[in-house]
Each structure stands twice: as structure tokens, then as C-alpha cells.
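Everything below concerns the one structure shown next.
The values are calculated or read from the model by the stated rules, or taken from the named source; none is laboratory data. Computed from a predicted structure; not experimentally measured. Positions of Cβ are backbone-derived with ideal geometry, glycine not excepted, and every protein chain shown enters the neighbour counts.
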Amino acid sequence: MKLKLNNIENVLILGSGVLGLRIGLQSALSGFNTTIYDISQKALVNAEAIQNKILAGLIKTGRITTSDKALAKKRISWTTDPEMAAENPDFISESVTEELELKKKVWHQFGQLCPPHTVFTTNTSFLLPSRFAEDTGRPGRFCAFHFHDVFKANVVDIMPHPGTETWVVALLRELGYKLHQTPVMMKKESPGYVFNAMLMAVLGAAGALVTHDIATIEDVDRSWMGNFKTESGPFGIIDSIGLDTAWHIIKDRKDAKSIRFAALLKSYIDKDRLGLKSGEGFYTYPNPVFLREDFIERNTF
Ligand SMILES: NC(=O)c1ccc[n+]([C@@H]2O[C@H](COP(=O)([O-])OP(=O)(O)OC[C@H]3O[C@@H](n4cnc5c(N)ncnc54)[C@H](O)[C@@H]3O)[C@@H](O)[C@H]2O)c1
């Protein structure tokens, strides 16, 4: 059965970390009954607290009302029980840790548990969907549907693997708009989609400047922010992504630049400095130095 946008009522999010909690919140704000599943109860509790902060920010900036918030919260349920999670989802967005073997295992599990009509998507940052499409047991209904920040950045990449059925791609394009994102279509599989492929080149160059002891982390960010007038620079961006997620992405690369950068990330991860989500990464939160008035000259004439 081909699914249409108006057939989607129940959304299931797998993984409640940095991205899963945001995609789940946007799903609920967009009117879908949303179940958020994680193996860790602690992760679910943390995710709800972060969602509350995001909601408060959206109200403060006038993007939603208090009644939108109340409705969205009512639509969200939280669970660590896979059977309960898989009872009747029409659509799944998967955001578990960026590890191929884990994604294969989770998709095999949910491929067996979910009803046949459910459409499956992965939010992987760099893995190609064809590497675990068969594990889903329904490769034709499986596609990469990759979000960025969801609220601050509202682009969603749609990247089918060679076996994805064409109606699934068309459905995801409509769903992207419904979730208040701008869909970007990939004509073929390619690591990092469009934006991440460009971003990795920048982050890799930033890492090399530091690992070759050419400039400090702060000066690399200062240079980027002073030129582009952005809120953060490359290392601030890695803090918001999560150093562990960035490490998973580059840890198996064999080139000297990536090996040095992965070692730098690992030295922080080993001290539990994972970035914004753990309160400390390259910078310390909630008031990182790059947000201070004197970090860069913010006035423009
Ligand atoms: N962080 C980003 O900025 C970003 C952006 C776009 C896409 N992504 C992608 O989204 C995915 C998740 O990244 P994240 O940053 O949210 O990671 P995260 O580490 O913040 O969260 C991952 C979550 O997965 C859960 N998990 C682990 N094993 C599980 C299992 N077997 N079943 C259910 N849940 C399980 C963990 O408990 C954790 O809560 C990755 O594929 C990543 O590449 C991340």
C-alpha cells in the first residue's frame, strides 16, 4: 500500500538525542501523534527537558503560542519499550547513534516489529542508506530523510538509495514542507548530502589549523565569525553537533588530516567533553566565550 501524506497520523522517532528530540518536537508541533523511543530512560528525561527549553524559546520569539505548546506536548509520548513504540507508526524517523552496526541492528528490530505499511527513514549524517536498506526488510519503503537543526536551520535532505520506490521520495518531499523544512533532493547517494559535504570541508580545514598548531580554536572561530558574521565558528558548530557524533563520522577515515582531527576529538570525549549536550566541549556552556561581546567586533557600519 502506497502511503499518502494525509494517511500519516502516527510518527515514531528512534533515538531521543540532539536530533531525535528536535525532529520529534517538530513532528508534534506539526500535528502528528509522536512517540519518542530510546533505550535509555535518562536520555528521554533529558530530551523532554531540552524540548521544554526549545518550546520556551519559540514562545518568546512569537513563533508559537502557549496553546500550540500545550497541544504539542499532549501529542508526544515517551517509551523505552520497542513493542509499544512499534504498535502502529505510519512513519519512522531514526536518529540513533551514528554507527553502522547499531543502525543495522535497530532497523532489523523495527523492520520485524512494525506493521507493513510503515515508511522508514534514517537521519544518518554520513552513512549511505543502501548500506543498511536490506536490514529494514522493506528497502523500497526506506530512504534517508536528513534534518539539520530543525528549528534554527530548516533544511531537510532527501536521499533515496537505488531501491527506494519513487512514491516514497514524493511523499517525503510533501512531508518535509509539512514539517516546516525546505526539502533538498539528492539525485544519487553521496556521503554528507549537500550541506554536510561542504561543511565537512570547512570543519576539516579548521581541525588541521589547530592540529598543526597554526592557530588556536578561538582564533579559528574568531576568523570565521568575523568574516561571515555568524553566531558561532567551526568549533562552536562541532560543540552543537556533539563531539562524539563528529568523531563517529571521521573515525574510520584513513587520511592523515582526519586521523589527527579524530585524535583531537577523542581527547575531549575521553574527558566527557561532548559539547553543548554535556555542558562542555571546546567551550563551556551555557555562556561560551564566543558569545561574549568582546570575542569579535559585532558592529557593522
Ligand atoms: N547532532 C547533529 O547535529 C546531527 C545532525 C543531523 C543528523 N544527525 C544524525 O542523527 C543521528 C543521531 O545523532 P545525535 O546527534 O542525535 O546523537 P546523540 O548521541 O545525541 O543521540 C543518540 C541517541 O540514540 C540512542 N540510542 C542508542 N542506541 C539505541 C537503540 N538501540 N535504540 C534506540 N535508541 C538508541 C542513545 O541513547 C541516544 O539518546 C546520527 O545518525 C547523526 O549522524 C546528527
Of all residues in the stretch 34-68 being of a type in the set (Val, Ile, Thr) and assigned to a loop (DSSP other than H, G, I, E, B), the one that is farthest from the ligand (Cβ to nearest atom): THR65
Search result, residues across the stretch 245-260 that are surrounded by fewer than 20 Cβ atoms within 10 Å (Cβ to Cβ) and within 13 Å of the ligand (Cβ to nearest atom): ILE250, LYS251
Residue match in the stretch 69-88 (condition: of a type outside the set (A, V, I, L, M, F, W, C), buried (at least 23 other Cβ atoms within 10 Å of the Cβ) and either in contact with a strand residue (DSSP E or B) (Cβ under 8 Å, 6 or more places away or on another chain) or outside any loop (DSSP other than H, G, I, E, B) (or both)): no
Residue in the stretch 100-115 that is surrounded by 22 or more Cβ atoms within 10 Å (Cβ to Cβ) and near the ligand (Cβ under 8 Å from one of its atoms) present: yes
Subset of the stretch 134-152 [within 15 Å of the ligand (Cβ to nearest atom) and of a type outside the set (D, E, K, R)]: THR136, PHE142, CYS143, ALA144, PHE145, HIS146, PHE147, HIS148, VAL150, PHE151
Within the stretch 1-33, considering residues that are within 17 Å of the chain's Cα centre (by Cα) and in a strand (DSSP E or B), the one nearest to the ligand (Cβ to nearest atom): LEU14
Residue identified as free of Cβ contacts under 8 Å to residues at least 24 places away in the same chain and over 24 Å from SER95 (Cβ atoms) among THR211, THR230: THR230
Residue in the stretch 119-129 that is assigned to a helix (DSSP H, G or I), within 15 Å of the ligand (Cβ to nearest atom) and closer than 23 Å to ASP157 by Cβ present: yes
Test for ASN196: is it part of a helix (DSSP H, G or I), out of contact with any strand residue (DSSP E or B) (no Cβ under 6 Å at 6 or more places or on another chain), among the polar types (S, T, N, Q) and more than 26 Å from GLU280 (Cβ to Cβ): no
Residue in the stretch 261-272 that is within 15 Å of the ligand (Cβ to nearest atom), at pLDDT 95 or above and not in a helix (DSSP H, G or I) present: yes
Only one of PHE228, PHE235 that is outside the structural domain of ASP157 (by TED's automatic domain parsing) and buried (at least 19 other Cβ atoms within 10 Å of the Cβ): PHE235
Conditions (1) surrounded by fewer than 17 Cβ atoms within 10 Å (Cβ to Cβ); (2) touching an Asp or Glu at 6+ places or on another chain (Cβ under 7 Å); number of the one not met by MET159: (1)
